[in-house]
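The values are calculated or read from the model by the stated rules, or taken from the named source; none is laboratory data. Small disclaimer: the values here were computed from a predicted structure and weren't measured. All Cβ positions, even for glycine, are placed from backbone atoms using ideal geometry, and neighbour counts span all protein chains on display. Areas reflect the complete protein model, heavy atoms only, side chains present, ligands, DNA and RNA absent. Shrake-Rupley method; radii C 1.70, N 1.55, O 1.52, S 1.80 Å.
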Protein chains: 2
Amino acid sequence: MSTTKTEKYQPLTEISAIKLVKKLGLFDATEALTAREIGDGNLNLVFHIINDQTNKSIIVKQALPYAKVVGESWPLSLNRATIESNALKQFGAFTPELVPAVYYHDETLAVTVMEDLSHLTISRAGLIQGESYPLLSQHIGSFLGHIAFKTSDFALKPQDKKEEVVKYSNPDLCNITEDLVFTDPFFDIDTNEFEKALRPDVEELWNDGDVKLQAAKLKYKFSTNAQTLIHGDLHTGSIFASSQETKVIDPEFAFYGPFGFDLGQFVANLFLNALSRETNREPLFAHITNTWNVFKDTFTALWHSENTEPFAKDERLLHEILTQTWQDAVGYAGCEIIRRTIGLAHVADLDEISSEERKINAKRTALKIGRYLLLHQQDVSPNEFEHLLR
Amino acid sequence: MSTTKTEKYQPLTEISAIKLVKKLGLFDATEALTAREIGDGNLNLVFHIINDQTNKSIIVKQALPYAKVVGESWPLSLNRATIESNALKQFGAFTPELVPAVYYHDETLAVTVMEDLSHLTISRAGLIQGESYPLLSQHIGSFLGHIAFKTSDFALKPQDKKEEVVKYSNPDLCNITEDLVFTDPFFDIDTNEFEKALRPDVEELWNDGDVKLQAAKLKYKFSTNAQTLIHGDLHTGSIFASSQETKVIDPEFAFYGPFGFDLGQFVANLFLNALSRETNREPLFAHITNTWNVFKDTFTALWHSENTEPFAKDERLLHEILTQTWQDAVGYAGCEIIRRTIGLAHVADLDEISSEERKINAKRTALKIGRYLLLHQQDVSPNEFEHLLR
């Protein structure tokens, strides 16, 4: 992969995107290519470029200098494209089969050229259609276990780890999470979005000082606790899947944060899908349990084989870190479930429930369980999620 | 204050140091100045420059590109001079009366020109002479309370705080602390230095898995927990004092770390001085209690008047942070007491006890109490230190 710096940022067009991939030698100058912009236009341009005759295809992704959400627009650092590209390369060094290959990055243009994964489905969409992706939790547990250990103080030289923390410093995108996940849903703030029927439930949440105290502590841990390189936005919409493959995409929120954050967000989104279903929920709950088990086993194996910390011979240190990681994950899952129900960015799993009554009931349950998780971080085991919903 | 960049690093001499302060306009070109290098030569050159007729004086401090300790020498980032200068300016913005004024900094030369404080005494030396510096804890408690709050997530904008974390990233010097404070003293490693008579006590420590687990957790928190800008080396040798004045110097170890670290180191060094005395220990124990009380009151007042965190209206969040801060301080004090007794860098308070028997006894007590603090972080109150020694 190569990286260059262009003089000045400008948005790509379908024509200039084609020009770029030819210039990079990824296609011959004479090939007839079709480019289609397939992004949602809120944060990024995404060009799908294909030679219709050979079927060879590629993705060109460019960050926009602003974020648009529900009509609002605010400026956003282009540096997130470099962070995303660096994170994909870093993840790829440890689990190459679980991320797209990155071919090129340009810092000034905020452009990354990468593997086209359109033979796969975004796992949220597939899960909503009733797919269960039997390997999903095996893959994500392994992905998270590898990244968590390999980028931590237990694997890296102390100085190298601190340099990574600086490299992945991502203030703008962290602040989006701090506001939209940890703060706004817990206060009566304009960005929140929820059905009128939910108002009593939401007000109950806003008046629940105990729940808010836990949210505050999880937010503070998110902002201060540089344990490991995290994806930062690992919901089921950031994962391409098929029955055989799993690919993690879009780590533009990546930074050094707590071990439990990605785990909690992923588990929460599996849970929200289960909640949206009327039948066949078991595979989702099995995924939740298995994600944790595979994470724990992967992390533990690496701890024993690759640890550079002299104190790490004491198994109790590992045990305490794993226990805290799961407890944090439960708390982060609670925050994610709540914000996906009443915050600015919802999930289709709940919003697309066709019966209005069932939708409201599901959201009411989501709020209840989100609050429960925040209050019971110490005593919710991975297989408890299934019982909570009964 | 002005900052410039020179072309190339080279060590100053007494002549070039005088040239520099004249060029900066801090003295007239025609003044007769005397320069004397007063540093210990292990980490820095320190020039004291004075006009003997007017008595006007100034300090020129230059970092050396290596560290020398007990004959060993290893390369060390010059960037620490910039960190020190930035930290002094930052501290000075909040508590100008408690740090030297900084007049000039040159990044490439790693030179800082600052206020001469030689009318004061290094507080360790004064305490060893039996001074008690009645305002010391009032000043240091206020210093730590201001810095801790003002540079935290509760005072700064989220993005600004993350930029500060990057600005003060200090991998080389953090690693010295990680090794010399948190690791080496707990293992049979060459850098340790202790009297033969202490060997059984030291081996007992090395075999104490419970104590080592606590040290491991405090080290991990030090390496990952970016709560606030800390001094990083706040022992009594980093503080100039008189009966009226207190000035904190030498923050070259500054970085974003846990609230409790500086507190713990300072308290530990007060304790070590008390331990070295045969009489008049009370002022030291009063200082320990008062440091915490002033810290807590300062931090609490700022929390109420300047907090920008919406969740901070819940007093329980403040209470939990203060409780954790003190518990961490107790643990960090334990590590500091142990490493100052058997690690690479001792304190004169203990080493200069003239009676060999009394010295060994004091060190044995230090080890015992250091271990006790590590194991009882949750239940040692500030005034407990006095009882521990009885």
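Give me the angle, in degrees from 0 to 90, between the Cα long axis of helix B:171-180 and the longest principal axis of the Cα atoms of chain B, rounded to the nearest 10.
40 degrees
As I understand it, the value is the acute angle between the Cα axis of helix B:282-306 and the longest principal axis of the Cα atoms of chain B; what does it come to in degrees, rounded to 10?
In chain B, helix B:282-306 runs at an angle near 70 degrees to the longest axis.
Long-range amide H contacts for B:Glu193: which residues qualify at under 5 Å (H placed 1.01 Å from N, peptide plane, sequence gap of 5 or more or a different chain)?
B:Gly343, B:Leu344
Relative contact order of chain A: what whole-number percent is it, with Cα pairs under 8 angstrom and at least 6 residues apart?
The value is 17 percent.
Working with all protein chains in place, sort A:His231, B:His304, A:His376, B:His235 by solvent-accessible area computed with a 1.4 Å probe, largest first.
B:His304, A:His376, B:His235, A:His231
Once amide H atoms are built 1.01 Å from N in the peptide plane, which residues 5 or more positions from B:Ala101, or in another chain, come under 5 Å H to H?
Amide H neighbours of B:Ala101: B:Glu115.
Using each residue's phi in the stretch B:359-376, evaluate 6.51 cos²θ - 1.76 cosθ + 1.60 at θ = phi - 60° and report the 3J(HN,Hα) Karplus result to the nearest Hz, with x for Gly and Pro.
My calculation for the stretch B:359-376 gives 4, 4, 4, 4, 5, 4, 4, 4, 4, 4, 6, x, 5, 4, 4, 4, 8, 10 Hz in order.
How large is log10 I(q)/I(0) at q = 0.19, 0.24, 0.26 Å⁻¹ when the Debye formula is applied to the Cα atoms of the stretch B:60-147, each weighted equally and without solvent?
The calculated log intensity ratios at q = 0.19, 0.24, 0.26 Å⁻¹ are -1.04, -1.14, -1.17.
Counting pairs of Cα atoms in the stretch A:201-299, how many percent are more than 15 Å apart?
Of the Cα pairs, 72 percent sit more than 15 Å apart.
Local charge sum around A:Thr246 (other residues, Cβ-Cβ under 15 Å, Lys/Arg +1, Asp/Glu -1)?
Local charge sum for A:Thr246: -4.
Would you mind working out the magnitude of the charge dipole of chain B relative to its Cα centre, with +1 at each Lys and Arg C-beta and -1 at each Asp and Glu C-beta, to the nearest 20 Debye?
I would put it at about 360 debye.
So for the stretch B:14-115, taking the charge dipole from beta-carbon charges (+1 Lys/Arg, -1 Asp/Glu), which of B:Met114, B:Leu76, B:Gln53 sits furthest toward the positive end?
B:Leu76
Put +1 on the Cβ of each Lys and Arg and -1 on the Cβ of each Asp and Glu in the protein assembly as shown; which of A:Gln227, A:Ala93, B:Phe295 then has its Cα farthest toward the positive end of the dipole?
Checking the options against the dipole of the protein assembly as shown, the answer is A:Ala93.
What nm value, rounded to one decimal, do you get for the distance between A:Thr308 and B:Arg199 when each label is placed 7 Å out toward the C-beta?
3.4 nm
What residues from the stretch A:123-157 fall in the zone where the backbone N is under 20 Å from a label point 7 Å along the Cα-to-C-beta line of A:Asn293?
A:132-146
What distance in nm separates the simple spin-label points at B:Lys89 and B:Ala125, each placed 7 Å from Cα in the Cβ direction?
Label-label distance for B:Lys89 and B:Ala125, simple model: 3.0 nm.
Just tell me which lysines come within less than 20 Å, Cα to Cα, of A:Lys89; anything on the same chain fewer than 8 places away is out.
Filter leaves A:Lys5, A:Lys61, A:Lys150, A:Lys157, A:Lys161, A:Lys162, A:Lys167, A:Lys247.
Which net charge results for the neighbourhood of B:Phe27, defined as the other residues with beta-carbon distances under 11 angstrom from its beta-carbon, given Lys and Arg at +1 and Asp and Glu at -1?
Here the count lands on +2.
Let me see the P(r) profile for the stretch A:120-173: every Cα-Cα distance counted, bins of 5 Å, each bin given as a percent of all pairs.
It works out to 4, 16, 15, 15, 13, 13, 13, 8, 3, 0, in whole percents.
Would you mind getting me the FRET efficiency between A:Leu135 and A:Thr108? Use the beta-carbon distance for r and R0 = 51 Å, nearest 0.05.
Once rounded, the FRET efficiency stands at 0.85.
For the protein assembly as shown, which whole-number percentage of the solvent-accessible area (1.4 Å probe, protein heavy atoms only) is attributable to carbon and sulfur atoms?
So the carbon and sulfur contribution to the accessible surface is 50 percent.
Give a residue-ordered list of calculated ³J(HN,Hα) values for the stretch B:307-318 (Karplus: 6.51 cos²θ - 1.76 cosθ + 1.60, θ = phi - 60°; whole Hz; x for Gly, Pro).
6, 10, 8, x, 6, 6, 5, 6, 4, 5, 5, 4
Using only the Cα atoms of the stretch A:14-115, build the gyration tensor, take square roots of its eigenvalues as a ≥ b ≥ c, and label the shape rounded, prolate or oblate: rounded if a/c is under 1.5, else prolate if a/b is larger than b/c, else oblate.
oblate
Note the direction-averaged projected area, equal to a quarter of the hull surface, for the Cα convex hull of the stretch B:163-241, in nm².
7.2 nm²
Give, rounded to the nearest 20 debye, the magnitude of the charge dipole that the stretch B:70-195 has about its Cα centre when Lys and Arg contribute +1 at Cβ and Asp and Glu contribute -1 at Cβ.
The calculated dipole for the stretch B:70-195 is roughly 760 debye.
Between B:Phe255 and residues 5 or more places away or on another chain, which pairs have amide H atoms under 5 Å apart, with H built 1.01 Å from N, and which residues are they?
Counting only residues 5 or more places away or on other chains, the set is B:Ile230.
Around A:Glu352, what is the net charge, scoring Lys/Arg as +1 and Asp/Glu as -1 over all other residues with Cβ under 14 Å from its Cβ?
Computed value for this residue: +1.
List the trypsin sites (Lys or Arg not before Pro) within the stretch A:46-135 that DSSP assigns to loop and that have no more than 16 neighbouring Cβ atoms inside 10 Å.
Here the trypsin sites (Lys or Arg not before Pro) that fit, given the DSSP loop and packing criteria, are A:Lys56.
Over the stretch A:295-390, how many percent of alpha carbon pairs lie in each 10 Å bin up to the one with the longest distance?
So the P(r) values, bin by bin, are 14, 35, 25, 16, 8, 1.
Through the Karplus equation 6.51 cos²θ - 1.76 cosθ + 1.60, θ set to phi - 60°, convert the phi angles of the stretch B:13-26 into ³J(HN,Hα) values in whole Hz; use x for Gly and Pro.
Whole-Hz 3J(HN,Hα) from phi for the stretch B:13-26: 10, 4, 5, 6, 5, 5, 4, 4, 5, 6, 4, 6, x, 6.
Give the aspartates and glutamates whose C-alpha is closer than 19 Å to that of B:Lys19, dropping any in the same chain fewer than 8 places away, or say none.
B:Glu7, B:Asp28, B:Glu31, B:Glu37, B:Asp52, B:Asp106, B:Glu107, B:Glu115, B:Asp116
Among A:Asn42, A:Pro382, A:Ala29, whose Cα sits farthest toward the positive end of the charge dipole of chain A (+1 at Cβ of Lys/Arg, -1 at Cβ of Asp/Glu, about the Cα centre)?
Farthest towards the positive end: A:Ala29.
Quick check for me: using +1 on Lys/Arg Cβ and -1 on Asp/Glu Cβ, what's the dipole size of the stretch B:118-266 about its Cα centre, in debye to the nearest 20?
Result for the stretch B:118-266 is approximately 700 debye, rounded to the nearest 20.
Can you pull out the GluC sites (Glu not before Pro) in the stretch A:318-390 that DSSP calls coil and that have at most 12 other Cβ atoms within 10 Å?
A:Glu352
Between A:Glu97 and the same site in the other copies, what are the distances in nm, shortest first, taking label points 7 Å from Cα along the C-beta direction?
Label point to label point, same position, other copies: 6.7 nm.
I need the inter-copy label distances for B:Phe187: point set 7 Å along Cα to C-beta, values in nm with one decimal, smallest first.
Reported distances to equivalent positions: 4.6 nm.
For the stretch B:121-389, just the Cα set please: Rg and Dmax, both in angstrom.
17.9, 57
If we restrict to alpha carbons, what Rg and Dmax does the protein assembly as shown come to, in Å?
According to the Cα coordinates of the protein assembly as shown, Rg and Dmax are 28.8, 93 Å.
Quick one, what does Rg over Rh come out to for the stretch B:125-216 if you take C-alpha atoms and the Kirkwood Rh?
Rounded to two decimals, Rg/Rh equals 1.11.
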